[in-house]
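Notes to accompany the following structure.
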Amino acid sequence: MPSSYRNSKLLRRSRVFWGSFSLWRPRLVFWCGALAIGVISVGFAKLADLAQYGFSSLTSTGEWAFLLPLVLTPLVFMLSAYLAATLFPNSQGSGIPQAIAARHLRDEDDRTRLLSLRIAFGKIVLTVLGLFSGASIGREGPTVQVGASIMLAVARFGGMAQARGLILAGSAAGIAAAFNTPLAGIVFAIEEMSRTYESRANGLVLTAVILSGLAALGLAGSYNYFGEASVAPTQMRDWGLVLVCGIGGGALGAAFSGFALYFGQKIRRWAQPQPLKRMLVVAGICGLAIAVIGIISGGTTFGTGYEQARSAVEGHALPLLFFVEKLAASFLSMLSAIPGGIFAPSLAVGAGFGSTVGSLLGTSIALSAILGMAGYFSGVVQAPMTAFVIILEMTGDHQAVIPIMAVSMIGYVTSRILSREPLYHGLSRVFIAAAIRARRAEGNSPHP
């Protein structure tokens, strides 16, 4: 056999191999990205728990340790706000609005200002720092921005053009891994992130959720976020909870989101002459107020509120005014603009509201807490399917499927009547407008 023939045959095989590898490369990078989201989500959760434990230990050791938050909380709030503004811009707040805004922006540079590996790192570090100071924040919303940032990096490294679909997939994978709620991750992506069903992106979303979920399961095991619950309405007043928690929770959620959008806009306008200096003042004042509320409440309003919410789901009544105190602490944490989410605190507020309603009506505390979470959470995010699915997966309470669905829908309708603009989408407009202003400024600037 002539050597030239053998060489040409080897060359053809080489081209086939490298051609097939170039086809598989985007898939391999995408799969690695999805697995990374699961691993990072579990690590993020562990760090968040350690931060809360550290704060609790500091403030419970010694006779006057309970007053430590009066100094620690405002100082750390100011430090977190400073680092977010200078080292990790666009890491402030939940992170979900940034992911939504990035999907609406077409320019790659505009997207990377909102979603990048640098921002993802800063988001994790500053959220953990906030929890160490007693902030009423959660890690679940930040995990969405982290997941979306990882997937946007995947789009660049893997040479994938579907940036919008990958942001959607990363967001869904983040929620699924953070709560161990794969169905909620998918529903969240469809209902909240995109507000439409995109058939082209459904394969990406499903694959990302499966792989991130497998990674999280391998590291943390299978679990329900709030354990197992098995309660259902058994008498007429139990069914009355559906209306009370739906309307009351929806109204509270609308008040939270409406005031957050209103006062957030007022604060941004007030801070314009000296944004960094004035936002540090706002962060310090919010931190001090949160410290005072935490001391008055006996420390129950510090942190995510997970322990309180789980206690209510297990049937233990919370203090009657806990939901008011927790709502105030969560609202101030959000206004401070430090990195941190509202998912977990919102569930704690809802559980506290439901617990109070259940105590006053003499019904099951566990059932009322679950329905309170559904009504309030649906009212805040105005995403009833997400609220229903996420709470069903968190509690495993399949006996109360219809009541949870009904409360979620009533909460959503009530919230829409009182507050027309969904919270996350209202906040995303701020980032979209900032990107447009930056683009215009670059276009008007003189070129060298």
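The values are calculated or read from the model by the stated rules, or taken from the named source; none is laboratory data. Since we're looking at a predicted model, the values are computed, not measured. We place every Cβ from the backbone using ideal geometry, glycine too, and count neighbours over all the protein chains shown. To get the accessible areas, we keep the full protein, side chains included, count just its heavy atoms, and leave off ligands, DNA and RNA. Shrake-Rupley method; radii C 1.70, N 1.55, O 1.52, S 1.80 Å.
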For the stretch 245-259, check the following and say yes or no: at least one residue is surrounded by fewer than 22 Cβ atoms within 10 Å (Cβ to Cβ) and without any contact (Cβ under 8 Å) to a residue 60 or more places away in the chain.
no
What is the number of the single condition among (1) open to solvent by 30 Å² or more (accessible area, probe 1.4 Å); (2) more than 18 Å from F132 (Cβ to Cβ); (3) touching a helix residue (DSSP H, G or I) at 6+ places or on another chain (Cβ under 6 Å) that V313 does not meet?
(1)
Being assigned to a helix (DSSP H, G or I), touching a residue at least 12 places away in the same chain (Cβ under 8 Å) and either closer than 17 Å to A48 by Cβ or not small (G, A, S) (or both), is that true of even one residue in the stretch 90-97?
yes
Filter result for R237 (at pLDDT below 75 and of a type in the set (D, E, K, R))
no
In the stretch 262-278, residues that are in contact (Cβ under 8 Å) with a residue 12 or more places away in the chain and of a type in the set (F, W, Y) total 1
Condition first: closer than 21 Å to A135 by Cβ and of a type outside the set (G, A, S). Can you find one or more residues in the stretch 245-253 that meet it?
yes
Members of the stretch 364-401 that are β-branched (V, I, T) and either within 20 Å of the chain's Cα centre (by Cα) or at pLDDT 90 or above (or both)
I365, I370, V380, V381, T386, V389, I390, I391, T395
For P422, only one of the following conditions fails: (1) farther than 16 Å from G141 by Cα; (2) open to solvent by less than 40 Å² (accessible area, probe 1.4 Å); (3) not hydrophobic (A, V, I, L, M, F, W, C). What is its number?
(1)
Is it true that A51 is surrounded by 15 or more Cβ atoms within 10 Å (Cβ to Cβ) and closer than 30 Å to G284 by Cβ?
yes
Conditions: (1) touching a residue at least 12 places away in the same chain (Cβ under 8 Å); (2) over 23 Å from the mean Cα position of the chain (by Cα); (3) open to solvent by 10 Å² or more (accessible area, probe 1.4 Å). A441 meets all but one. Number of the miss?
(1)
Given the structure, is T356 farther than 19 Å from G141 by Cβ, without any contact (Cβ under 8 Å) to a residue 40 or more places away in the chain, of a type in the set (V, I, T) and crowded, with 20+ Cβ neighbours inside 10 Å?
yes
How many residues does the stretch 223-275 hold that are farther than 24 Å from L371 by Cβ and not in a loop (DSSP other than H, G, I, E, B)?
12
Of all residues in the stretch 277-304 being small (G, A, S) and outside any helix (DSSP H, G or I), which is surrounded by the fewest Cβ atoms within 10 Å (Cβ to Cβ)?
G298
Criterion: over 25 Å from S56 (Cα atoms) and surrounded by fewer than 21 Cβ atoms within 10 Å (Cβ to Cβ) - qualifying residue of Q382, Q274
Q274
Within the stretch 390-419, track down each residue that is out of contact with any Leu (no Cβ under 9 Å at 6 or more places or on another chain), surrounded by fewer than 18 Cβ atoms within 10 Å (Cβ to Cβ) and assigned to a helix (DSSP H, G or I).
Q399, I402, V413, R416, I417, L418
Return the residues of the stretch 104-117 that are assigned to a helix (DSSP H, G or I) and open to solvent by 10 Å² or more (accessible area, probe 1.4 Å); say none if nothing qualifies.
H104, E108, D109, D110, R111, T112, R113, L117
Sole exception among (1) within 20 Å of D397 (Cα to Cα); (2) open to solvent by 50 Å² or more (accessible area, probe 1.4 Å) for V242, by number
(2)
